[in-house]
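To keep things clear, I will list the structure first and then write my remarks on it.
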Amino acid sequence: MILQGGEPVREAVLHCAAIRTGQFDGMTPFQVFLTINRWHHERGFKNGFGYHGIFMPDGTFYGGRPLTMQGAHVIGHNKATWGLLMIESRTIKELGEAEDYYTPHQIRAVKAWIRAWPQLEKVSGHNDYANKLCPGFKVQSEDWL
């Protein structure tokens, strides 16, 4: 059981990047991480990159904050949650290979990652806690657990 501040993590929150769709096309996961980390430092995030991981369009996962560290991804809902950032791809959308700018490889990878953690009881979207479109669709826990 992974804990944050003594509390078990029971929820994963899905996010999309607040970027022009396709802005990260052609970048490696590390380049995406470095870019977002810089943005988060510029916004005053004490520990930089606020998510616990990135899922690239090809399904590659790149770790962010340690799972035991509180994230900075949803105001008021960072404690005992993991923030997972899904990177959109305009190229994939234009080719008609995905819905909502996410690829089947990416969706499978996110689901597999979440299902590897039986302590997770809920999966939500950033839009469940804030007046935002992020992640661009309505998240239903049962679709991810």
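Each reported figure results from applying straightforward, stated rules to the coordinates on display, with no laboratory input. Owing to the predicted nature of the structure, the values given are computational and were not obtained by experimental measurement. Positions of Cβ are generated from backbone atoms using ideal geometry, with glycine treated the same way; all protein chains shown enter the neighbour counts.
At-a-glance table
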{"read-out": "Extension gain from Ser141 to Lys79, taking 0.36 nm per residue of separation minus the Cα-Cα distance", "value": "20.5 nm"}
{"read-out": "Reach of Lys111 by Cα under 19 Å, taken over lysines that are not fewer than 8 positions away in the same chain", "value": "Lys122, Lys138"}
{"read-out": "DSSP-defined antiparallel bridges as percent of all bridges, the chain, nearest 5", "value": "30 percent"}
{"read-out": "Calculated over the chain: convex hull of Cα atoms, volume per residue (Å³)", "value": "101 Å³"}
{"read-out": "Value at 222 nm in deg cm²/dmol, rounded to 500, when DSSP H runs of n ≥ 4 in the chain each add -39,500 (n - 2.57)", "value": "-6500 deg cm²/dmol"}
{"read-out": "Relative contact order (%) - criterion: Cα under 8 Å, at least six apart; region: the range 34-145", "value": "20 percent"}
{"read-out": "Two-site label geometry, Thr28 and Ala112: point separation in nm, points 7 Å out along Cα→Cβ", "value": "2.1 nm"}
{"read-out": "Potential lengthening between Lys122 and Thr68 on full extension [0.36 nm per residue; Cα-Cα distance subtracted]", "value": "17.7 nm"}
{"read-out": "Signed unit charges on C-beta, dipole axis of the chain, positive-most listed residue Gly64, Ile54, His40", "value": "His40"}
